[in-house]
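In what follows, a structure is listed as structure tokens, so that the remarks can point back to it.
The values are calculated or read from the model by the stated rules, or taken from the named source; none is laboratory data. What you see is a predicted model, and the numbers here were worked out from it, not measured in a lab. Note that each Cβ is placed from the backbone with ideal geometry, even for glycine, and that neighbours are counted across all protein chains shown.
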Amino acid sequence: MTRLPWRIAGVVLLLTAMGLWQPDSATVAARLGVPLLMALAAALIVQNLAAVALGAAILAGIHSDPGAADPVTGIGYPLVASVATMLLLFIFWQRFRARIRATHDARWQHRRRVPDEDNP
């Protein structure tokens, strides 16, 4: 029940960002800031940072054009894609390490019980 206010805030933020969205705008704030605001709203709604990072990395990667004269597609989107990818890798690494820690004792108990085939 405590997550509901955050999700409601995410919906309100998403609706606000949708109202601010102008696809033909030339400003960096409208072309880069509003999508980042939408990503923040999505994080509040779904409450899964890995899912939002994956979506942001894919969408920013698709819209990237590294080296373009336009600063949003040439620098902004590649930077967002890189940061989101690094965040996703960090999350997966943390989950992997937590899984290893959680199963460490069980694996060692199993190894102690199984007789070594070379030394019966």
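A few points about this structure:
- Residue within the range 24-35 that is basic (Lys, Arg), surrounded by 14 or more Cβ atoms within 10 Å (Cβ to Cβ) and part of a helix (DSSP H, G or I) present: yes
Conditions tested, residue by residue: (1) among the hydrophobic types (A, V, I, L, M, F, W, C); (2) in contact (Cβ under 8 Å) with a residue 12 or more places away in the chain; (3) outside any helix (DSSP H, G or I); (4) within 28 Å of ILE8 (Cα to Cα).
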residue	(1), (2), (3), (4)
ALA39	yes, yes, no, yes
ALA43	yes, yes, no, yes
GLY55	no, yes, no, yes
GLY61	no, yes, no, no
PRO66	no, yes, yes, no
SER82	no, no, no, no
THR85	no, yes, no, yes
LEU89	yes, no, no, no
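- Residue within the range 77-94 that is at pLDDT below 95 and over 18 Å from TRP21 (Cβ atoms) present: no
- Some residue of the range 14-21 being hydroxyl-bearing (Ser, Thr, Tyr), part of a helix (DSSP H, G or I) and either in contact with a Pro (Cβ under 9 Å, 6 or more places away or on another chain) or within 29 Å of THR2 (Cα to Cα) (or both): yes
- Each residue in the range 1-31 was checked for being under 23 Å from LEU87 (Cα atoms), at pLDDT 90 or above and not small (Gly, Ala, Ser), and 4 of them qualify.
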